[in-house]
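Down below is the structure, laid out as structure tokens.
Here, each number is a calculation from the coordinates, and none is a lab measurement. Keep in mind that what you see is a predicted model, and the values were worked out from it rather than measured. Please note: Cβ atoms are built from the backbone with ideal geometry, for glycine as well, and neighbour counts cover all protein chains shown.
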Amino acid sequence: MSNLHTLVKLLSKSTIADLQRTLDENIVGSLITLNISQTPSKLSDAIITCYGERVLYHKEIRKLLVNNLGNKGKYDLAKKMLTKKDFEELKTREGLIKKISSFTWGNNKKSKTFLKYFNLDLDLFIESKIQKTPERELIELEDKEDLKSWHFSLHEYQENLRKRIVINLLKKDKLLVHMPTGSGKTRVMMESICDFIRNQEGESTVVWMAYSDELCSQAADSFEERWQLRGTKPVNLIRFWGGRNVPQLDLETPNFVITSFDTAYSALRAKSNERFEFIASLRRKSNLCVVDEAHQAPAPTYKDAIKRITGRSKLVGLTATPGRGSDAEAQRVSGFFDGNKVSMEGKYAEPNPIAYLIKEKILSNIKYYSLTGSKVNVSPEEYKYIKDQLKIPDSIFKELEKDTKRNLTIIQEIIELVVENKQTIVFASSVKHAQLLTICLKTQGIKASCVDANTPYSERVDNINRFKTNDLNVLINFGVLTTGFDAPNTDAVVVARPTLSVVLFSQMVGRGLRGPKMGGTENCTIVNVVDNFSKLPNVEHAFTYFDKEWGEYVR
């Protein structure tokens, strides 16, 4: 992070007015409304918070750095950046600054020259291509002579589920596996897949489908870990997501194929025969297809991709929420899997699965309370959008991010959680809202950072790792930490993003529910910011879901 601190110092030489012009006007306005002092140093830090490692992609910010150089510095940099003809065409100081700064940022000579002059790290500020794991990798077996590495690592309730999954797969073609958030559903399913592959008489091809690249990566890591311990022969791990090339199936060896819904659906409509044929080969060769986050399965695009891949293979859905928000949706999801469902039962569901998991320290003890948010007047257009799409429109989120009273309430709550030494994840209502909350917290001396879908992969990983090691107290995000994210040390979650999706709400609070036996915390605080929506259509309110489903287990 030293390079970013260096950049803050360089930018701090600029005027407050110049620095404000590089920030979103709503963020600047909110800082003024919240009565947060604006110094060159604080505004420079705010710029880094908003743009992160991509800060120099913005020409106006590069112009600030050049403008802060003395006349000699500008001339020295110009000699390195410009041609003789460029010099001859320049007439003014402003023209020189503009000419030096006006180039396309990236892995090119001018960008590298610019960074070198300011003594900044090339690798940090120039986004290089991520070295992807191979499309096909042979998973070899661990040496099982060391019996300690061959221990059975499932909890009793997980082992019960594994056995029932395997038995059902012998008898039925479709199956829905439902396990509460935080109970280890991926691990249980991977153990079941290992059993399935070992039990096949011929070579088998298993397909795992997920709706995000993060979940695909998580599945690959989990299977590799499990098969190295449980396997009886090498298996090809095949990755087909995130823009990877088309892999080849090896029909002489078992295959475990992982793909995303988007990749599979795109391949079915690709002009490339090679991509289409790969999906067609899965349909012919696969004998088991597992759909992660199976509540998405009945959606038209997902449903089409699943049907095109499964063919005659067995189909298993894996979910923490068997419906998408209503009884009708739950029945629809169940019906997609022929009504065959495996879930926690017997002594593992007394008085119900959640109570059992809390008692056994699989899930944390929960302290839950709500904060009063905004009063939202829903317009006729927004009403129609909510009714048709069953989600909250961006226009409402934009109003929420500018609500000063709401923001002050959230900020104060986060500060109190940090004072209590709680590692806190915050789900903001928009990207700008995440940035604003982070900027405000940092001005109060809180170690906070934010991530969103546009945050470079390396920066996102760095922030998550800093949070895991307690180098950050607060990690604020919009839209990226609901699934495929693992930080067991999380012991507080602030939900400042209203949603009508029970699934999304469950995923957000689920980031903090992992208990001691799952490597997590003894206790977890869930803070729900409840906004008052007027004239809301008659749809499921996810922001009341926790009260209804979890209320009796809350301390």
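Couple of notes before you dig in:
- For Asn119 and Glu381, the difference between the fully extended length at 0.36 nm per residue and the C-alpha to C-alpha distance is 89.1 nm.
- Helix 431-443 and the long axis of the chain differ in direction by around 60°, with both axes built from C-alpha atoms.
- Principal-axis analysis of the Cα atoms of the chain puts helix 380-389 at an angle of about 40° to the longest axis.
- Amide H within-cut-off set for Leu288, under 5 Å, with H built and near neighbours excluded: Thr205, Val207, Lys314
- Here Thr253 and Arg312 are evaluated by their C-beta separation; at R0 = 25 Å the FRET efficiency comes out at 0.75.
- Relative contact order, percent, the chain [alpha-carbon distance under 8 Å, six or more residues apart]: 14 percent
- Chain lengthening between Lys98 and Asn352 when straightened (0.36 nm per residue, less Cα-Cα): 84.8 nm
- In order along segment 528-533, the Karplus-derived 3J(HN,Hα) couplings, from 6.51 cos²θ - 1.76 cosθ + 1.60 at θ = phi - 60°, round to 10, 8, 9, 8, 8, 8 Hz, and Gly and Pro are given as x.
- Its residues counted as N, segment 136-350 yields a C-alpha radius of gyration over 2.2 N^0.38 Å of 0.99.
- Among (i) 53, 24, 21; (ii) 73, 27, 23; (iii) 45, 31, 22, the entry derived from the coordinates for semi-axes √(5λ) of the Cα gyration tensor in Å: (iii)
- Trypsin sites (Lys or Arg not before Pro) within segment 198-271, DSSP loop, no more than 12 other Cβ atoms inside 10 Å: Arg269, Lys271
- Distance between modelled label sites at Val530 and Leu170, nm, 7 Å Cα→Cβ extension: 4.9 nm
- Karplus-derived HN-Hα couplings along segment 210-215 (A = 6.51, B = -1.76, C = 1.60, θ = phi - 60°), whole Hz, x at Gly and Pro: 9, 9, 9, 4, 4, 5
- Two-site label geometry, Ile32 and Glu360: point separation in nm, points 7 Å out along Cα→Cβ: 5.8 nm
- According to the calculation over all Cα-Cα pairs in segment 361-553, the P(r) per 5 Å bin from zero is 1, 8, 17, 21, 21, 16, 10, 5, 1, 0 %.
- Beyond 30 Å in Cα-Cα separation lie the following of the pairs Lys185/Lys468; Lys303/Lys432; Lys233/Lys271; Lys271/Lys391; Lys468/Lys535; Lys42/Lys63: Lys303/Lys432; Lys233/Lys271; Lys271/Lys391; Lys468/Lys535.
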